[in-house]
Amino acid sequence: MFKKVHLRLTLIFTAVCSLILMIMSALYLYLSYQNTKTNIYQSFQSDIETILTNIEGSTAVSDSWLSKLESDGKYKIYIYDHEIPFTFVKNTKSEQDMKLVTDIREHYFANYQLTGENSYVPYYIEFDYTANSKNYLVGIGIIPRNEGNLELFVIYPQTKFHAQMNRLYLQFASIVFGTIILIWIFSWYFTKRLLKPIEESQIKQAQFISSASHELRTPVATILSALGAMDKGNEEEKKEFSQIAKKEGERLTILVNDMLSLARSDNHTFTITKKVSEPDTLLLDSYEAFLALCHEKNLSLNISLPDSTVLPRKMDPLRIKQVLSILISNAISYTNPGGSIHLSFYETPKDIVFSICDNGIGISDENKPYIFDRFYRADSSRNKKEHFGLGLCIAKEIVDAHKGTITVTDTPGGGSTFLLILPK
Ligand code: ADP
């Protein structure tokens, strides 16, 4: 599913970026075409004006001056005197050139010069002319002279300009094409990175559901078999099976509550209500709550608190107590009878620290990075029935909500030491 989404996102991203790129390029090319054309027109106009002024100001037009005007290959110049082409024109122009200028002349007289009473001769005119799919810029000047006219035709073939524009289009097309490929590569990696956390969270969710259903199956199966056995058993057996079902039901409640806490944290509906609380009192309360259990399990539980008064801090006392319970309950579960658990509280310049230190079985270095993961149990062979591998991960969520940290280190001589660190 993610592959499809990845491909689709890459496509959409590339398509949108490419479209924008193409629109921008087209706009740029259009403006550049218009600007170049305007420049050509303006320079053409001013060139013709200069030529006309020169012709008007001189009595004779020399061949050398005309050939000088044509020397840069930009324009072709034709002059007719009393409708007869100059010798210069006859000598320097090909048959094809002559055909073109004759056509242009006809076009000019047909379209621009009026005949009859209202006839007039425009002093100067310029227009676009197309012949054999080639575009020309044509400037025509009529200079009245000795009862006749001098006709000046300046023809500028726009082939160079079009070739230049075509080269520009081609360059742009290859740049746009290359950029689209780069955008594709970039968006492929970008969307991949974008989707990675979503993919990971989906995998985690699937793992969570599978682990949760696996954990739920055992107590449900035990309850069902206990209920089934109750039907056939005698009074004493019925009592025993009812006890088993009750115990499993309680286990089930703990598991469901744990899962609910995690689901709330995932949905961001998990909230903490901070109140001014005395942290040392919270630890003392937890100590007292577990004293009896430790005694029952032949474990020594002791506490050390600072001699000086501890200032109250803002925190969610119930949630912090829950974290302390998880840590102390783990210490009890993973410490062999005869062992000891030490609780302490101290302050650093920036933090307040709760320490839960046991001399139990400890946690290997390979397992340490995973113990805060959901349903993770360091050693499945030593799984305890009341432990689902959710305690530390719930503890971490609560500590994260307080912007604190929770760490684990080895207790010198064996066992584990958990530190719950909250910023002041
Ligand atoms: P569980 O409900 O299994 O205790 P936790 O999330 O609380 O789940 O702990 C995860 C795992 O970390 C435990 O299964 C256990 O292997 C290990 N662990 C936690 N606390 C201790 C401890 N004090 N000593 C040794 N191992 C511990």
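Which whole-number percentage describes the relative contact order of region 44-168, with Cα contacts under 8 Å and a sequence gap of 6 or more? List each step's numbers first, then the result.
Values: 131 pairs, mean separation 32.0, N = 125.
26 percent.
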Expected sort for 293-300, 305-312 on mean C-beta neighbours within 10 Å, highest first, is 293-300, 305-312
Mind listing the Cα extents of region 117-189 along all three principal axes, in Å, largest one first? 80, 22, 19
Helix axis angle, 391-401 relative to the chain longest principal axis, alpha carbon, degrees: 50
Taking every pair of alpha-carbon atoms in region 41-196, what share in percent sits in each 10 Å bin, from 0 to the bin with the longest distance? 9, 32, 26, 10, 8, 7, 6, 3, 0
Between Lys403 and Ser325, what is 0.36 nm times their sequence separation minus the Cα-Cα distance? Round to one decimal in nm. 26.2 nm
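Can you give me the Kirkwood hydrodynamic radius for region 298-424, using every pair of distinct Cα atoms, in Å to one decimal? Walk me through the numbers on the way to the answer.
On the way: mean 1/r = 0.0661 Å⁻¹.
One over the average 1/r among Cα pairs gives 15.1 Å for region 298-424.
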Env charge @ Thr271, Cβ radius under 15 Å, K,R +1 / D,E -1, value +2
Can you tell me the 0 to 90 degree angle between the C-alpha axis of helix 235-267 and the longest principal axis of the chain, rounded to 10? 30
Quick check on the chain: what does the Kirkwood estimate of hydrodynamic radius come out to from the alpha carbon pairs, in Å? 31.3
Pairs of lysines in region 1-158 (C-alpha under 28 Å apart; 8 or more residues apart or interchain): 23
Please state, as a whole number in µm²/s, the translational diffusion coefficient that the Stokes-Einstein equation yields for region 225-361 at 10 °C and 1.306 mPa s, with Rh defined as the Kirkwood radius across alpha carbon pairs. 89
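Could you tell me what % of all Cα pairs in region 14-60 have separations over 13 Å? Each step should come with its number before you reach the end.
Details: 742 of 1081 pairs.
So the portion of pairs separated by more than 13 Å is 69 percent.
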Using a Debye calculation, one point per C-alpha and no hydration shell, please list log10 I(q)/I(0) for region 1-131 at q = 0.12 Å⁻¹ in order. -0.67
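Using the count of nearby Cβ atoms within 10 Å as a rough guide to exposure, how do Leu420, Leu152 rank from fewest to most? Walk me through the intermediate numbers first.
Numbers: Leu420 26, Leu152 20.
The fewest-first ordering by Cβ neighbours comes to Leu152, Leu420.
At a 10 Å Cβ-Cβ cut-off, how would you order Thr130, Thr335, Thr281, fewest neighbours first? Numbers along the way, then the final one.
Details: Thr130 9, Thr335 24, Thr281 14.
Ordered by Cβ neighbours within 10 Å, fewest first: Thr130, Thr281, Thr335.
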Given the options Cys357, Pro157, Thr59, identify the residue whose Cα lies farthest towards the positive end of the charge dipole of the chain (+1 on Cβ of Lys, Arg; -1 on Cβ of Asp, Glu). Cys357
Residue with peak Gaussian network fluctuation, the chain [Cα springs, cutoff 10 Å], from Asn166, Asn91, Asn267: Asn91
Which residues does a label at Phe190 reach in region 5-22, if reach means a backbone N under 14 Å from a point 7 Å past the Cα toward the Cβ? 9-21
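Since every read-out is calculated from the coordinates, none of them should be taken as a lab result. Just so it is clear, the model here is predicted, and its values are computed rather than measured. Every residue, glycine as well, gets a Cβ built from its backbone with ideal geometry; the counts of neighbours run over all protein chains shown.
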